[in-house]
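Input: a single structure, listed below in structure tokens.
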Amino acid sequence: MIRLENVTKSYSTEVVALRDVSFDVAKGEFVFLVGPSGSGKSTMLRLLNRQERPERGAVWVAGRNIIDMPPSRVPHLRRNIGNIFQDYKLLSNKTVFENVAFAQEVIGRPKHVIRQQVPAVLDLVGLAGKEDRFPHQLSGGEQQRVSIARAFVNRPLILIADEPTGNLDPGTGEGIMRLLDRINKTGTTIVMATHDQRIVNTMRKRVIQLDRGVVVRDQARGVYQ
Ligand code: ADP
Ligand code: ADP
């Protein structure tokens, strides 16, 4: 589903964010991307979304070399990827329903499909009955659930989550992890950047650890120390 071959990405001659990074992620895997601040996690996630391009190496996503991909193909790539953020990035003037529906409207899903699929995904994430709330009327955990519903409603092949529990208390974060685990078990590949050791060491999924842009650990059912 994802393949990086000898990827090097620098922002300047002094700042090498990723250095000769290679790994494969199979369909349906759950991967934690860990490492201290500045180790290259966000750069990695931006590469997968083709928001950045490396100066060396190859990046394959869903069977396509995304480095040579013409800009006109990038929207199609992004339909295969759902993104989840630490700060949720919900539209504050739209309701829960409208936030999720928007992800379907922008790719031209017909209204009757939206009317059926939005309630179904809100039920999946545990927000049935809260369709008409605005983001400020929800707890942080609930806002993250809306953001997961929005990322998942179009059934992407890959979910990319950047510190999704970073703003949540431990108990709420655990609920979010259970939800992501459930979504992963439907066959969705998940790549999650985090520095929450407790979560990584509880979930025991694959761990890819970066240190100053270099992979220092790639371990199945791994830990983060
Ligand atoms: P992490 O997500 O693990 O904190 P980043 O990928 O954000 O790591 O950063 C890796 C390195 O690249 C750091 O040295 C950071 O300062 C640098 N960096 C990240 N983004 C940029 C940017 N847009 N311009 C210049 N340097 C950047
Ligand atoms: P948490 O325990 O996750 O932090 P809160 O105590 O913030 O949750 O919220 C508990 C319940 O109250 C949630 O169901 C949430 O939807 C609702 N709620 C929170 N803030 C508001 C608000 N400003 N207006 C309406 N409902 C709210």
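Of note:
- Listed pairs Lys130/Lys205; Lys89/Lys185; Lys9/Lys185 exceeding 30 Å between Cα atoms: Lys130/Lys205; Lys9/Lys185
- Neighbours of Gly141, meaning other residues whose beta-carbon lies under 11 angstrom from its beta-carbon, give a summed charge of -2 when Lys and Arg score +1 and Asp and Glu score -1.
- Amide hydrogen neighbours beyond the local backbone of Asn83, cut-off 5 Å, H modeled: Ile160
- Highest-first arrangement of 58-66, 96-104, where packing means the average Cβ count within 10 Å: 96-104, 58-66
- Compared with the alpha-carbon gap, the fully stretched path from Ala26 to Arg155 is longer by 44.7 nm at 0.36 nm per residue.
- DSSP beta bridges in segment 137-225 [antiparallel fraction, %, rounded to 5]: 50 percent
- Antiparallel content of DSSP bridges confined to the chain, in %, to 5: 50 percent
- Computed from phi, the 3J(HN,Hα) profile of segment 129-141 under the Karplus parametrisation 6.51, -1.76, 1.60 (θ = phi - 60°) reads x, 10, 3, 9, 6, 9, x, 5, 9, 10, 6, x, x Hz, with x in place of Gly and Pro.
- 5 Å-binned pair-distance histogram of the chain (Cα, whole percent): 1, 7, 15, 18, 19, 16, 12, 8, 3, 1, 0
- Highest mean packing first, where packing is the average number of other Cβ atoms within 10 Å per residue, the peptides 77-88, 149-160 line up as 149-160, 77-88.
- Inter-centroid distance (Cα atoms) of segment 7-83 relative to segment 90-124, Å: 28 Å
- Restricting segment 176-224 to trypsin sites (Lys or Arg not before Pro) that sit in a DSSP loop and have at most 16 other Cβ atoms within 10 Å of their own Cβ leaves Lys185, Arg204, Arg212, Arg221.
- Extension gain, Arg133-Thr186: 0.36 nm per intervening residue step, less the Cα-Cα distance, totals 16.3 nm.
Throughout, read-outs are computed from the coordinates displayed, never taken from laboratory work. Note that this is a predicted model, so its numbers are computed, not measured. Every residue, glycine among them, receives a Cβ derived from its backbone with ideal geometry; neighbour counts consider all protein chains shown.
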